[in-house]
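Reading through the structure tokens given below for one structure.
The values are calculated or read from the model by the stated rules, or taken from the named source; none is laboratory data. Small disclaimer: the values here were computed from a predicted structure and weren't measured. Note that each Cβ is placed from the backbone with ideal geometry, even for glycine, and that neighbours are counted across all protein chains shown.
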Amino acid sequence: MAAKMYCRHHVIFEGKKSMSRILGTTPRQDGFRMPGEFEPHEKCWMLWPERPDNWRLNAVPAQNVFSLVAQAISRFEPVAMGVSKHQIETAQNSLPSEIEIVHIESDDSWMRDTGPTFVKNDSNEVRGVDWDFNAWGGLNGGIYFPWDKDICVAKEVLKHGKIDRYKACIILEGGAIHTDGEGTLITTEECLLNPNRNPDLSKTQIENHLKEYLNVEKIIWLGKGVFMDETDGHVDNLCCFTRPGEVLLHWTDDKTDPQYEISCDAFDRLSGSVDAKGRKIKIHKIHQPGPLYMTEAESLGIEKKPNVAPRNDGNRLAASYVNFYIANNGIVMPLFDDPHDKAAMEKIKSLFPERIVVGIYAREILLGGGNIHCITQQQPGV
Ligand code: KQY
């Protein structure tokens with residue numbers, strides 16, 4: 001039997017930890033920080049889609065695309081897929097054996113938002129932050145009710161990995177934040193200051209939570225997210241760090257498109273800011289696809305249910321090339337069969353010359369309200 005070592009908040013065994021413990025401190029107090037997505041990963045977590053009132057045709061087309069995304073990421077790092085009990089057999093038949101299947105119940109399949117945000121320290125120990133969640137706005141504009149299974153996803157992921165957990169008492173989805181791993185965080189006012197998230201917290205109190213749980217010093221507030229984004233403007237659809245000091249911004253040259261003003265405002269705020277290290281931020285633009293809209297056939301394939309936001313034909317889709325996943329040595333990015341696809345892929349290749357860029361035709365994920373970044377969550381590694 002391995003010798004016991006007693007730490008401040010939990011017991012660990014030499015070599016292997018015995019279980020996931022809940023910690024009474026914060027990552028900042030313990031010297032843990034959220035790494036940039038471009039730093040090394042141990043694995044990628046995803047959740048299997050199934051709800052027929054969000055994914056058309058009983059979620060079969062979405063399951064095919066989630067499987068392609070998982071396979072593309074698994075070229076670069078291990079992938080674990082959380083699957084509900086009654087979908088295990090379907091998932092086993094759809095996923096190659098290298099994708100690990102883990103039993104996790106959830107209300108939908110947005111691991112970015114319901115999974116833990118991982119933090120690590122200088123000794124490469126990893127822990128997870130478990131945020132509060134209310135389905136993107138609760139009863140005041142949220143996407144579905146109830147969300148009782150979603151609120152357990154982060155805990156289940158960390159339990160599976162025997163990773164210690166910080167419980168943060170603030171409603172926050174992982175898609176609402178990006179960090180550079182060097183003390184800077186970007187987010188949007190539209191989402192984090194929305195009265196349907198944390199109406200009792202001031203902007204300063206929200207900043208303090210971010211500083212404490214992600215160990216950042218500088219928060220750059222963008223205004224609105226992508227036009228018609230049902231998450232109330234998640235930053236992960238609008239702008240991301242490509243490396244410290246550099247961001248990629250969703251853009252349009254069409255001055256008549258409502259997106260133009262939103263992207264110009266984000267550009268102005270970013271160009272007027274310096275990051276935590278005092279650097280001016282270099283901004284790369286990537287032109288949006290479309291605009292793209294939901295078709296009648298697509299909408300008819302989605303079951304209409306009470307307590308679930310309807311997906312109607314003609315709805316503008318919040319399509320963005322920024323919603324990609326950075327894997328170890330790779331990028332997995334959405335494509336839309338759109339005239340802008342080629343230039344978007346070239347742009348991303350030029351920004352990540354050391355990584356292999358894989359494009360996945362991802363309209364099925366977009367129809368569900370997000371994209372590749374929203375359905376993935378990186379667990380940092382060495
Ligand atoms: O932006 C994301 N991180 C998630 C999108 C979730 C949409 C819910 N239908």
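Is at least one residue of the range 275-289 within 25 Å of A135 (Cα to Cα), within 16 Å of the ligand (Cβ to nearest atom) and buried (at least 18 other Cβ atoms within 10 Å of the Cβ)? No, the range 275-289 contains no residue that is within 25 Å of A135 (Cα to Cα), within 16 Å of the ligand (Cβ to nearest atom) and buried (at least 18 other Cβ atoms within 10 Å of the Cβ). Tell me, yes or no, whether the range 105-124 has at least one residue that is at positive phi and polar (S, T, N, Q). So far as the range 105-124 goes, yes, one or more of its residues are at positive phi and polar (S, T, N, Q).
Restricting attention to the range 302-356, which residues are at positive phi and either surrounded by 13 or more Cβ atoms within 10 Å (Cβ to Cβ) or of a type in the set (V, I, T) (or both)?
Taking the range 302-356 and keeping what is at positive phi, we get 307, 314, 329, 337.
Listed by number, the list holds a single entry, N329.
Please work out which one of (1) within 20 Å of the chain's Cα centre (by Cα); (2) within 16 Å of the ligand (Cβ to nearest atom) is the condition P146 fails and give its number. Tallying (1) within 20 Å of the chain's Cα centre (by Cα); (2) within 16 Å of the ligand (Cβ to nearest atom), P146 fails exactly one: (1).
For the range 82-98, a residue qualifies if it is in contact (Cβ under 8 Å) with a residue 24 or more places away in the chain and either surrounded by fewer than 23 Cβ atoms within 10 Å (Cβ to Cβ) or in a helix (DSSP H, G or I) (or both), and the qualifying residues are S84, Q87, T90, A91, S94, L95, P96, E98. Across the range 87-139, the number of residues qualifying as away from the ligand (no atom under 16 Å from the Cβ) and either in contact with a His (Cβ under 6 Å, 6 or more places away or on another chain) or closer than 20 Å to Q71 by Cβ (or both) comes to 17.
Considering the range 282-315 alone, what residues qualify as being in contact with a strand residue (DSSP E or B) (Cβ under 8 Å, 6 or more places away or on another chain) and in contact (Cβ under 8 Å) with a residue 40 or more places away in the chain? Listed by number, the residues that qualify are H284, I286, H287, Q288, G290, L292, M294, N307, V308, A309, N315.
Of the residues making up the range 231-253, those that are assigned to a loop (DSSP other than H, G, I, E, B), under 16 Å from the mean Cα position of the chain (by Cα) and either among the polar types (S, T, N, Q) or surrounded by 24 or more Cβ atoms within 10 Å (Cβ to Cβ) (or both) are T231, G233, H234, L238. Residues that are touching a Phe, Trp or Tyr at 6+ places or on another chain (Cβ under 7 Å), within 26 Å of W136 (Cα to Cα) and either β-branched (V, I, T) or outside any loop (DSSP other than H, G, I, E, B) (or both) within the range 287-309 comprise L292, V308, listed in sequence order. Restricting S271, S299 to residues that are among the hydroxyl-bearing types (S, T, Y) and more than 30 Å from D107 (Cα to Cα) narrows the list to S271. Residue-level check: of (1) in a helix (DSSP H, G or I); (2) within 16 Å of the ligand (Cβ to nearest atom), M228 misses just (1).
Take the residues of the range 333-382 that are polar (S, T, N, Q) and not in a strand (DSSP E or B): which is nearest to the ligand (Cβ to nearest atom)?
Going residue by residue through the range 333-382, those that are polar (S, T, N, Q) are 350, 371, 376-379.
Narrowing further to those that are not in a strand (DSSP E or B): 350, 371, 376.
On the way: S350: 25, N371: 7, T376: 9 Å.
Filtering first and then ranking leaves N371.
Assess whether V119 counts as being touching a residue at least 12 places away in the same chain (Cβ under 8 Å), under 22 Å from the mean Cα position of the chain (by Cα) and more than 27 Å from G233 (Cβ to Cβ). Steps first, please.
Details: touching a residue at least 12 places away in the same chain (Cβ under 8 Å): yes; under 22 Å from the mean Cα position of the chain (by Cα): yes; more than 27 Å from G233 (Cβ to Cβ): no.
No, not satisfied.
Inspection of the range 315-332 identifies at least one residue that is among the hydroxyl-bearing types (S, T, Y) and either at pLDDT below 95 or outside any loop (DSSP other than H, G, I, E, B) (or both).
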